[in-house]
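Working notes, beginning with the structure itself.
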Amino acid sequence: MTEVKAYGAQDKEADLKEMTIERRDTLPTDVKIKITYCGVCHSDIHTVRSDWGPSMYPVVPGHEIVGEVIEVGDEVSKFKKGDLVGVGCLVDSCQECSSCESDLEQFCLNGATWTYNSKDKHTDGHTFGGYSQEVVVDQNFVLTIPKNLDTKAVAPLLCAGITTFSPLHHWGVKEGMKVGVVGLGGLGHMGLKFSHAMGAETVMITTSEGKAEDAKRLGADDVLISKDKDAMKSHKGSFDFILNTVPVSHDINPYLELLAIDGTMCMVGAIEPLPDVHGGNLISGRKSVAGSLIGGIKETQEMLDFCGEHNIVSDIEMIDMSSINEAYERVQNNDVKYRFVIDMESLS
Ligand code: NAP
Ligand code: ZN
């Protein structure tokens with residue numbers, strides 16, 4: 001075991017503070033990574049605050065990890081010392097079930113191991129995330145980062161990137177389709193970039209009028225203010241696909257009304273019960289409501305390669321580790337453009 005510095009919360013009301021955690025010794029198929037940057041996802045906050053049920057404390061969040069390989073196990077073939085690598089939301093899975101065999105480790109039938117707050121197969125405790133100096137991960141869950149991209153701005157691709165790329169990819173978004181992205185935050189801004197790069201007519205659906213200009217710069221062809229009932233009416237029945245990133249439970253009926261015949265709205269934000277869905281909004285128009293969870297490792301690498309080819313990264317605000325509590329406040333107040341990334345040097 002190696003002791004490393006980390007930042008975490010001791011209970012659901014506590015601020016995040018510096019602490020020491022242990023990382024396992026590098027096993028034969030493990031890669032040890034010195035973390036250089038880590039993105040701040042809204043899921044980090046949900047987990048720290050036990051929004052999704054009781055978390056295991058201390059919680060050391062962080063699943064948008066970029067770093068440098070500093071050690072590899074004897075059997076590691078995919079990486080070597082000095083490589084620039086990434087780790088997202090997954091650090092292990094059974095590798096044997098039908099989901100894992102289909103490159104859908106996030107749906108591992110025996111339970112995937114999440115990067116933080118998951119039962120750790122190698123210790124008696126739970127996993128700790130990227131708000132730390134180092135992490136040890138099996139090579140099958142380590143990603144290669146394209147060299148042409150700004151490393152700091154790559155970090156959010158490991159969660160916000162794959163979570164938006166995967167559903168757009170799965171539902172075949174392409175030129176000729178009209179796509180809506182609901183919520184311009186960390187996920188939403190990546191959704192805009194991907195939908196635009198895939199050639200679709202892309203509309204930002206937002207509660208914040210003040211974000212309209214940014215939305216256009218990020219790839220939106222049009223901006224729809226969801227509070228404006230007339231504007232919503234003018235887009236009624238016109239969307240082939242809507243990606244909904246709103247982080248809390250909300251009435252989805254107004255968005256379902258925007259879908260065209262056979263349209264789908266995919267939920268990636270709210271994981272809690274949603275208020276009643278009006279059956280007529282689905283039946284009339286053969287519409288679907290779906291959901292999506294990050295993406296498998298193979299698809300995450302495809303997303304990173306797509307970003308390398310299309311020069312896509314996240315729009316970021318860099319922070320020091322010590323500003324994390326303030327950053328959480330700002331994310332909750334809808335005040336980040338559009339992802340915080342922690343410079344992990346600030347923890348050394
Ligand atoms: P974020 O940066 O806080 O962005 C969320 C955006 O949603 C806000 O910028 C805001 O955009 C809009 N919004 C916020 N509160 C709202 C409300 N009450 N009603 C309507 N719109 C609201 O969050 P994020 O990091 O993108 O994460 C979004 C959600 O996805 C979180 O719940 C996170 O846990 C979840 N998540 C899911 C997955 C997955 O695999 N499914 C992966 C990562 C994260 P506007 O100002 O434009 O309205
Ligand atoms: Zn995340």
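The values are calculated or read from the model by the stated rules, or taken from the named source; none is laboratory data. Remember, predicted model here, so these are calculated numbers, not experimental data. Virtual Cβ from ideal backbone geometry, glycine too; neighbours counted across all protein chains shown. Accessible surface is based on the protein model in full, side chains and every heavy atom, while ligands, DNA and RNA are left aside. Shrake-Rupley method; radii C 1.70, N 1.55, O 1.52, S 1.80 Å.
Stretch residue 110-residue 290 to full length: gain in nm at 0.36 nm per residue minus the Cα-Cα span? Before the final figure, lay out each step's value.
Values: separation 180, 0.36 × 180 = 64.80 nm, distance 2.27 nm.
This chain segment gains 62.5 nm when fully extended.
Filter the GluC sites (Glu not before Pro) in the stretch 30-89 down to the DSSP loop ones having no more than 16 other Cβ atoms within 10 Å, then list what survives.
Passing both the DSSP loop test and the Cβ count: 75.
How far is it, in nm, from the label point at residue 238 to the one at residue 95 when both lie 7 Å from their Cα along the line to the Cβ?
A separation of 5.0 nm, rounded to one decimal place.
Grab the other residues whose beta carbon is less than 14 angstrom from that of residue 251, score K and R as +1, D and E as -1, and report the net.
Taking every other residue near residue 251 into account, the sum is -1.
HN-Hα J couplings of the stretch 224-235 from phi, Karplus 6.51/-1.76/1.60, θ = phi - 60°, integer Hz, Gly and Pro as x?
10, 8, 5, 7, 8, 4, 5, 5, 4, 4, 5, 9
Given the Cα-Cα distance of residue 103 and residue 19 and 0.36 nm per residue of separation, how much length would full extension add, in nm? Could the numbers behind the result be given before it?
Details: separation 84, 0.36 × 84 = 30.24 nm, distance 3.51 nm.
Length difference between fully extended and current span is 26.7 nm.
For residue 298, which aspartates and glutamates qualify as cross-link partners when the Cα separation must be under 13 Å and same-chain residues fewer than eight apart are set aside?
The reachable aspartates and glutamates, counting only those whose Cα sits under 13 Å from residue 298, are 101, 103, 105.
Packing-wise, with mean Cβ within 10 Å as the measure, how do 331-344, 216-229, 292-305, 268-281 rank, highest first? Don't skip to the answer; put the middle values down first.
Details: 331-344: 19.0, 216-229: 17.0, 292-305: 20.9, 268-281: 13.7.
The most tightly packed comes first, giving 292-305, 331-344, 216-229, 268-281.
Loop-only GluC sites (Glu not before Pro) in the stretch 89-184, please: DSSP not H, G, I, E or B, and at most 16 other Cβ atoms within 10 Å.
Working: sites: 96, 101, 105, 134, 175; in loops: 96, 175.
Filter output for the stretch 89-184: 96, 175.
So what's the stretch 161-291 giving for Rg/Rh, alpha carbon basis, Kirkwood Rh from the mean inverse pair distance?
0.92
Compute the Rg/Rh shape ratio of the stretch 101-232: radius of gyration over Kirkwood radius, all on alpha-carbon atoms.
Ratio of gyration radius to Kirkwood radius: 1.05.
Suppose a student asked you for the relative contact order of the chain, using Cα pairs under 8 Å spaced at least 6 residues apart; what percent would you report?
Computed value for the chain: 18 percent relative contact order.
Using a 7 Å offset from the Cα along the Cα-to-Cβ direction at both residue 253 and residue 228, what is the distance between the two label points in nm, to one decimal?
With each label placed 7 Å out from Cα toward Cβ, I get 2.3 nm.
Dimensions of the chain along principal axes (Cα, Å, largest first)?
60, 40, 37
Straight-line reach only, C-alpha to C-alpha below 13 angstrom: list the aspartates and glutamates that residue 337 could link to, leaving out same-chain residues fewer than 8 apart.
213, 214, 315, 317
At a Förster distance of 25 Å, what's the computed FRET efficiency of residue 120 paired with residue 305, Cβ-Cβ distance as r, to 0.05?
0.25
Provide the solvent-accessible area of residue 235, counting protein heavy atoms only and rolling a 1.4 Å probe, rounded to the nearest 10 Å².
30
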